[in-house]
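**Q** Before I ask anything, here is the structure I am working with.
The values are calculated or read from the model by the stated rules, or taken from the named source; none is laboratory data. What you see is a predicted model; the values in this text were computed from it and never measured. In this analysis, Cβ positions are derived from the backbone assuming ideal geometry, glycine residues included, and neighbour counts consider all displayed protein chains.
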Amino acid sequence: MDKTITLIFLALAILIGILLERIYPNRAHKDKLKTFLTKYLIYFGLPLFIFLSLLKHKEIKLTGYAIFIICFFTILSLFTFILISKKHNAENKIRASLFICSVYGNTGYIGIPFAYLFFGSKGLAIASLTAVIGGIIHYSLGVFLANCFLSTKKFAILKVIKTPLVYSFSIALLLSRFHFVQAFQIPKSLYIFSETAVYLAVFLIGLTLSFKKINRTILTGLLFKFLFSPIIAFFFLQFTQFSILEKAIFLLLASTPPALINTSLAIEFNWDAEYASNLTAIATCIFLIVAFLILFVI
C-alpha cells in the first residue's frame with residue numbers, strides 16, 4: 001500500500017511539473033523556480049537525503065559496493081569516450097554532451113525513488129550509495145573527459161576543480177561513515193523532511209522536460225544509455241558475489257536516463273545544451289513510461 005501511495009504521488013508530481021511548464025505563461029518565474037529547486041536539491045536536498053539513507057543503512061557493504069561502482073563508472077566512461085572519439089563524427093560540442101549524457105544516468109532523482117519502489121529499503125540504500133559515488137566520478141572524471149573534446153587536458157582539469165558538486169557529494173559520503181555521526185540520534189522529522197527531495201526532484205523533471213526533434217545523434221545517445229550501459233554493468237556483475245536482488249538493483253541504476261544536471265553542465269561548460277536537454281527529455285519519458293507500466297502491472 002505504501003508503494004502504491006508513493007507511486008501515485010510521484011506520478012502527480014511529474015504531471016504537475018509538466019502542466020506548469022506548458023500552462024503557466026511567465027517564463028521568468030518558471031526559470032527562477034527551476035534555478036531555486038536545482039540549487040536546493042544539489043546543495044542540500046539530495047545530499048541530505050543520501051546522507052540520511054546511508055546513515056540509516058549502516059549494515060551496507062560499503063567496500064564491495066563502492067569498488068564495483070567505481071570500476072563500473074570508470075570503465076564505462078573510458079570506453080564511451082574512446083568510442084565517441086573514434087567513431088562519432090558530430091561536432092565536438094555535441095560529442096561532449098553525448099558523452100556526459102550517455103554515461104551518467106539520473107541515479108539520484110530517478111534511481112533512488114524507483115529503486116525503492118521496485119526493491120524496497122535495500123534498493124534505496126544501494127541507489128543512494130551509487131548516486132553519491134557515481135556523482136563524485138560524474139563531476140570529476142566525467143567533466144574532465146567531456147571537456148577534453150573542446151580543450152586541453154590541463155584546462156579540463158581546472159574545470160573539474162571549480163565544480164562544487166564534487167565536494168558536496170564527498171562530504172555526504174564521508175559524514176555517513178563517521179562513528180560519532182552514526183551514534184547521534186537523528187530526529188524522525190528530519191528523515192521525513194529529507195524525503196520531500198524525491199518528490200521535488202520528480203516535479204523538477206516534469207518542469208524541465210522539453211522536446212525538439214529526434215535525429216541520428218539522439219538515437220545514438222539512447223542506444224548508449226539504454227543498451228551499452230546496462231550491457232557493461234551486466235558483464236561486470238558476473239564477476240561479483242552480489243545476490244540476484246543486488247544485481248537487479250545495479251542493472252536498474254545503469255539503465256536510468258541522463259541526469260538532469262547534465263543540461264546545466266552543458267550550459268556551464270559551453271557544450272551543446274540543446275542536444276543534452278532534448279536527449280534527456282526523450283530518454284526520461286521512455287524510462288518513466290516503461291517503469292510506471294511495470295509498477296502498475298506488478
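**Q** List, please: which pairs have Cβ atoms under 7 Å, are six or more places apart or on different chains, and start with a residue in region 256-283 that is within 18 Å of residue 148 (Cα to Cα) and end with one that is acidic (Asp, Glu)?
**A** Within 7 Å, the pairs are 266/272.
**Q** If the requirement is being at pLDDT below 85 and either touching a Pro at 6+ places or on another chain (Cβ under 6 Å) or farther than 30 Å from residue 6 by Cβ (or both), which of these qualifies: 151, 170, 128, 77?
**A** Details: 170 fails: either touching a Pro at 6+ places or on another chain (Cβ under 6 Å) or farther than 30 Å from residue 6 by Cβ (or both); 128 fails: either touching a Pro at 6+ places or on another chain (Cβ under 6 Å) or farther than 30 Å from residue 6 by Cβ (or both); 77 fails: at pLDDT below 85.
Sole residue among the options that is at pLDDT below 85 and either touching a Pro at 6+ places or on another chain (Cβ under 6 Å) or farther than 30 Å from residue 6 by Cβ (or both): 151.
**Q** For region 80-119, enumerate the residues that are at pLDDT below 85, among the charged types (D, E, K, R) and under 13 Å from residue 224 (Cβ atoms).
**A** 87
**Q** Scan region 46-74 for residues that are at pLDDT below 75, assigned to a helix (DSSP H, G or I) and surrounded by fewer than 18 Cβ atoms within 10 Å (Cβ to Cβ) and jot them down.
**A** 56, 62, 63, 64
**Q** Name the residue that is surrounded by the most Cβ atoms within 10 Å (Cβ to Cβ), counting only residues in region 10-27 that are at pLDDT below 80 and under 20 Å from the mean Cα position of the chain (by Cα).
**A** This residue is 10.
**Q** What's the number of the only condition in (1) under 14 Å from residue 65 (Cα atoms); (2) over 13 Å from the mean Cα position of the chain (by Cα); (3) crowded, with 19+ Cβ neighbours inside 10 Å; (4) of a type in the set (A, V, I, L, M, F, W, C) that residue 281 fails to meet?
**A** Condition not satisfied by residue 281: (1).
**Q** Is there a residue in region 30-45 that is buried (at least 19 other Cβ atoms within 10 Å of the Cβ), over 22 Å from residue 245 (Cα atoms), at pLDDT 75 or above and basic (Lys, Arg)?
**A** No.
**Q** Let me ask another. Looking for something over 18 Å from residue 202 (Cα atoms) and among the polar types (S, T, N, Q) - is there at least one such residue anywhere in region 242-263? Talk me through it step by step, then tell me what you get.
**A** The first filter runs over region 242-263 and keeps only residues over 18 Å from residue 202 (Cα atoms), leaving 242-251, 254.
Subsequent filtering for residues that are among the polar types (S, T, N, Q) retains 243.
Yes; the residues of region 242-263 include at least one that is over 18 Å from residue 202 (Cα atoms) and among the polar types (S, T, N, Q).
**Q** A further question on this structure: Taking the conditions exactly as written (surrounded by fewer than 19 Cβ atoms within 10 Å (Cβ to Cβ) and under 19 Å from the mean Cα position of the chain (by Cα)), does residue 273 satisfy them or not? Walk me through how you get there before you give the answer.
**A** Values: surrounded by fewer than 19 Cβ atoms within 10 Å (Cβ to Cβ): yes; under 19 Å from the mean Cα position of the chain (by Cα): yes.
Yes: the conditions hold for residue 273.
**Q** I need every pair where a residue in region 223-251 that is buried (at least 16 other Cβ atoms within 10 Å of the Cβ) has its Cβ under 8 Å from the Cβ of a residue that is at pLDDT below 90 and charged (D, E, K, R), sequence separation at least 6 or different chains.
**A** Close Cβ pairs satisfying both conditions: 246/122; 249/122.
**Q** Which of the residues that make up region 117-134 are closer than 15 Å to residue 255 by Cα and of a type in the set (Ser, Thr, Tyr)?
**A** Hit for region 117-134 is 130, nothing else.
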